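Written out below as structure tokens is the structure these notes cover.
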Amino acid sequence: DINNGIIENFEFAPNPASDEANIRFDLLKDTKTLKLEIYDSKGDMIANIPVANYNKGQNYINLNTSGINSGSYYLVLNADNAKMCLPIRIIR
């Protein structure tokens, strides 16, 4: 993780997820760029989800996971050059 003091309390629930998951995170400042990326266990990006600007404070994103195969992945949150990573699982 390269946080730079921007992101806190990054969570993915439920984990494992089947069709839908909620992503929660706190931003310590307003962001100009924010995106989510999902990587498989080999390090290949399987999804790149641009999600626009977010304001300082608590934020939520609802993620449709129905198009992702069962398996273990890494969810990466990028916000103004800060990154946090979570291991996630998708089950069918």
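The values are calculated or read from the model by the stated rules, or taken from the named source; none is laboratory data. Because the structure is predicted, anything quoted here is derived from the model rather than measured. Because the Cβ atoms are built from the backbone with ideal geometry, glycine has one as well, and the counts that use them run over all protein chains shown. Note: accessible area is taken over every heavy atom of the protein model, side chains too, but ligands, DNA and RNA are not part of it. Shrake-Rupley method; radii C 1.70, N 1.55, O 1.52, S 1.80 Å.
Cβ-Cβ distances below 6 Å connect the following pairs, each with a first residue in the range 64-92 that is touching a residue at least 40 places away in the same chain (Cβ under 8 Å) and among the polar types (S, T, N, Q), a second residue that is outside any loop (DSSP other than H, G, I, E, B) and open to solvent by less than 70 Å² (accessible area, probe 1.4 Å), and a separation of six or more residues or different chains: Thr65/Ala17; Thr65/Ala21; Thr65/Ile90. Exactly one residue out of Asn78, Asn62, Asn9 is surrounded by 14 or more Cβ atoms within 10 Å (Cβ to Cβ) and within 12 Å of the chain's Cα centre (by Cα), and it is Asn78. Scanning the range 1-48 for residues that are among the acidic types (Asp, Glu) and in contact with a Lys or Arg (Cβ under 7 Å, 6 or more places away or on another chain), we see that the one that is nearest to Val76 (Cα to Cα) is Asp1. Considering the range 24-42 alone, what residues qualify as being under 18 Å from Asp80 (Cα atoms), open to solvent by less than 50 Å² (accessible area, probe 1.4 Å) and not hydroxyl-bearing (Ser, Thr, Tyr)? Those that are under 18 Å from Asp80 (Cα atoms), open to solvent by less than 50 Å² (accessible area, probe 1.4 Å) and not hydroxyl-bearing (Ser, Thr, Tyr): Arg24, Phe25, Asp26, Leu27, Leu34, Leu36, Glu37, Ile38.
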